[in-house]
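Here is the structure we will look at.
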Amino acid sequence: MDKIRAPEPVPEQTIDPEATTAITKARYDRIAPVYDLMETFEERLLFRKWRELVWEAVDSAREILEIGVGTGKNMPYYPKDSKITAIDLSDRMLVLARKRAEVLNMKNVDLLQMDAQSLEFPDKSFDVVVATFVYCSVPDPELSLREINRLLRPAGKAVFLEHMYPENPFLRIIFDLLNPLTVRIRGANINRRTLANIQKAGLEIQVVKNLTFSGIVRLIIAKSKKEERE
Ligand SMILES: C[S@@+](CC[C@H](N)C(=O)[O-])C[C@H]1O[C@@H](n2cnc3c(N)ncnc32)[C@H](O)[C@@H]1O
């Protein structure tokens, strides 16, 4: 007689992308008013210096897209001479981003509500795409990363600051156990294979800089493989 097997875990992407996206939006709408407060400590201690590294890698691009702008924490680092489009799924996060843009008197920024899994821009619209702490929460990361690949111009680059699955096997077990909790509380998966997802989406990884123990947070620079004549 066949043994009864436990069902295989269903990968998140195949559950129901539309429903998961609606849940993600609702989560960030709910967290928005306290989001900056929740991260005060990490932001001052670590994130600020990591954001500087991200924007040093962007230098003076003509047109930049920021995915998952949140409350606009990257705005102080935006190059002044670039045209920047920044999108987010959550309209409540965007309200705060708009306030920050006003306070900083940013004239070169367009803030739009959009789903990173289906971006409403023509192919090859941007020189650089930036995402910081986003691919832990986008329901189908590979789909969205493919969108980035589509939107990048030839020789364009994508710069990511992301936390992901650790390299250490013991930590992996802990991260897998804690993941349902972190998703519920902060909307963030802590066991995403972001490096592999970027490659699967067709981007060419150029730089990976481990910023913490076991590669939990990494700065990743990837390039579009498109040729100039394509
Ligand atoms: C952890 S926050 C990071 C915010 C900001 N990038 C930062 O560095 O502070 C993740 C952001 O990604 C946004 N997000 C999640 N899924 C998204 C999607 N499918 N499309 C667009 N934005 C999304 C959330 O609404 C949230 O604002």
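All conditions in (1) of a type outside the set (D, E, K, R); (2) without any contact (Cβ under 8 Å) to a residue 40 or more places away in the chain; (3) more than 16 Å from the ligand (Cβ to nearest atom); (4) surrounded by fewer than 18 Cβ atoms within 10 Å (Cβ to Cβ) hold for SER214, with the sole exception of (2).
Has segment 138-145 got at least one residue that is touching a residue at least 40 places away in the same chain (Cβ under 8 Å) and among the small types (Gly, Ala, Ser)?
Of the residues in segment 138-145, the ones touching a residue at least 40 places away in the same chain (Cβ under 8 Å) are 138-145.
From what is left, the residues that are among the small types (Gly, Ala, Ser) are 144.
Looking through segment 138-145, at least one residue is touching a residue at least 40 places away in the same chain (Cβ under 8 Å) and among the small types (Gly, Ala, Ser).
Scan segment 79-93 for residues that are more than 9 Å from the ligand (Cβ to nearest atom) and out of contact with any strand residue (DSSP E or B) (no Cβ under 9 Å at 6 or more places or on another chain) and report the count. Number satisfying all stated conditions: 2.
Confirm whether LEU203 is farther than 16 Å from VAL138 by Cα and modelled with pLDDT under 95. Criteria not met by LEU203. Criterion applied to LYS124, LYS107 was being surrounded by fewer than 17 Cβ atoms within 10 Å (Cβ to Cβ), at pLDDT below 95 and either β-branched (Val, Ile, Thr) or more than 9 Å from the ligand (Cβ to nearest atom) (or both), and the one residue passing it is LYS107.
The values are calculated or read from the model by the stated rules, or taken from the named source; none is laboratory data. Just so we're clear, the structure is a prediction, and the values are computed from it rather than from any experiment. Positions of Cβ are generated from backbone atoms using ideal geometry, with glycine treated the same way; all protein chains shown enter the neighbour counts.
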